[in-house]
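Written below as structure tokens is the structure these notes are about.
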Amino acid sequence: MSQEIAVVGSPDFTAGFRLAGVRRFENVQDGERAERLDDAVTSVLDDAGVGIVVMHDEDIEYLSRTVRQRVETSVEPVVVTLGGGTGSGNLREQIKRAIGIDLMEE
Amino acid sequence: MSKDVKPTRKNLMAIEDRIELSERGHDTLEKKRDGLIMEFMDILDQAQDVRSDLDDNYERAQRNINMARAMEGDVAVRGAAAALKEHPEITSQSKNIMGVVVPQIESTKVKKSLDQRGYGLVGTSARIDEAADAYEQLLETIILAAEVETAMKKMLDEIEKTKRRVNALEFKLLPELHGAQEYIEQKLEEQEREEIFRMKKIKAKKEEDEAAENAQEAAEAEVETVPADG
């Protein structure tokens, strides 16, 4: 089954991806992040036609707890965050918990 | 330790069987955990490379699109984006690493040549082309990152699960079973000692009874013989 790539974020963030041909995108203005970001993210996560969700690392902060947890653990679709540096996100925490040591030290 | 096991030989044998099975399972799970961690280390190296590529590509793409917007204007960039006909698609297949199913994502129509983009060559400038190029490159890296990060998430889950099982066997189930085994063995020994003591008692009682009987018989015999003398 072929799937698409979806981009969620500010119009500035999504514009470039549209230039690369991404069709599925959710624009959320910077000022509306608190109200609209949750719904936007949930709608792409629930879309079976979406295989990869691209988000900016900063936007993750604005998500509510449950949605954030889904973003961090979701495998289908998988969420890739940009702009957060190497040791970013929940993955590092998960590694610490599972292996017992921090393997992502820079 | 669970004291609710019945101290019978049958239970003892059952517990010994369970201990053997648990120990075997524990060894196997330990091996699985170590194997998973080794596989994970390989993927982690890969993931770190992909991550740094991703950040570089993102920065470059952002620079390019900002340049394009500054020089050509927002409308031109949006217009070019709206004109695109080909859209990237991904298909995922799965691969099995030590029982963990990880995806292998294949993409089509991410990288496009100028004439495939569909916004025309005359109306747009090279800066938009550059920006589109950079974003296509970024998308490719994102797809790679998605594949690697999904694999990592799944493997971490599995490692955690396996670790929990190993620990449950090692620190909960096996000590309990060993405790139960010891308890039954001691109980059985105790019963055996009681049994021996009981036997001894019975033997002593029997001997006493026999002795008393003999004595009585002897006395009776004596009584019978005494008048004969007189």
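The values are calculated or read from the model by the stated rules, or taken from the named source; none is laboratory data. Everything numeric here is computed off the predicted structure, so don't read it as measured data. Here the Cβ is made from the backbone with ideal geometry for all residues, glycine too, and neighbour counts use every protein chain on show.
Values as computed for the structure displayed
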| read-out | value |
| --- | --- |
| Matching helices (runs of 4 or more DSSP H) fully within segment A:1-83 where at least 2 residues are of a type outside the set (D, E) | A:11-19, A:33-46, A:65-73 |
| Complete set of residues in segment B:1-57 that are of a type in the set (A, V, I, L, M, F, W, C) and farther than 24 Å from A:M104 by Cα | B:M1, B:V5, B:L12, B:M13, B:A14, B:I15, B:I19, B:L21, B:L29 |
| Residue in segment B:82-94 that is assigned to a helix (DSSP H, G or I), within 8 Å of another protein chain (Cβ to nearest Cβ) and of a type outside the set (F, W, Y) present | yes |
| Where B:Q46 falls short, out of the listed (1) in contact (Cβ under 8 Å) with a residue 60 or more places away in the chain; (2) closer than 17 Å to B:I142 by Cβ; (3) within 11 Å of chain A (Cβ to nearest Cβ) | (3) |
| B:T124 outside any helix (DSSP H, G or I) and either touching a Gly at 6+ places or on another chain (Cβ under 8 Å) or buried (at least 16 other Cβ atoms within 10 Å of the Cβ) (or both) | yes |
| Among the candidates B:E140, B:E195, B:E149, B:E213, residue that is more than 30 Å from B:G25 (Cβ to Cβ), crowded, with 20+ Cβ neighbours inside 10 Å and of a type outside the set (K, R) | B:E149 |
| Selection count where residues are charged (D, E, K, R) and either in contact (Cβ under 8 Å) with a residue 40 or more places away in the chain or under 9 Å from B:T141 (Cβ atoms) (or both), scope segment B:49-62 | 4 |
| Members of segment B:56-82 that are among the acidic types (D, E) and crowded, with 17+ Cβ neighbours inside 10 Å | B:E72 |
| Any hit, segment B:24-32, residues being without any contact (Cβ under 8 Å) to a residue 12 or more places away in the chain and within 30 Å of B:E189 (Cβ to Cβ) | yes |
| Selected residue [under 30 Å from B:A83 (Cα atoms) and of a type in the set (A, V, I, L, M, F, W, C)] from B:A134, B:A212, B:A221 | B:A134 |
| Checklist (1) of a type in the set (S, T, N, Q); (2) surrounded by 15 or more Cβ atoms within 10 Å (Cβ to Cβ); (3) at the interface with another protein chain (Cβ under 9 Å from one of its Cβ atoms) applied to A:T42, failing item | (3) |
| Count of residues meeting criterion [in a helix (DSSP H, G or I), of a type in the set (D, E, K, R) and more than 30 Å from B:A145 (Cβ to Cβ)] in segment B:6-48 | 11 |
| Residues of segment B:65-83 that turn out to be modelled with pLDDT under 85 and either among the aliphatic types (A, V, I, L, M) or touching a strand residue (DSSP E or B) at 6+ places or on another chain (Cβ under 8 Å) (or both), as a count | 7 |
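The rows are residues; the columns are (1) within 20 Å of the chain's Cα centre (by Cα); (2) modelled with pLDDT of 90 or more.
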| position | (1), (2) |
| --- | --- |
| B:V5 | no, no |
| B:E16 | no, yes |
| B:K32 | yes, yes |
| B:F40 | yes, yes |
| B:R51 | no, no |
| B:R63 | no, yes |
| B:E86 | no, no |
| B:I90 | no, no |
| B:M98 | yes, no |
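Matching residues to (1) within 10 Å of the chain's Cα centre (by Cα); (2) aliphatic (A, V, I, L, M); (3) within 9 Å of chain A (Cβ to nearest Cβ); (4) within 16 Å of B:K111 (Cβ to Cβ):
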residue	(1), (2), (3), (4)
B:A132	no, yes, yes, yes
B:Y135	no, no, yes, yes
B:L138	no, yes, yes, yes
B:L144	no, yes, no, yes
B:E147	no, no, yes, no
B:M152	no, yes, yes, no
B:D157	yes, no, yes, no
B:T162	yes, no, no, no
B:V166	yes, yes, no, no
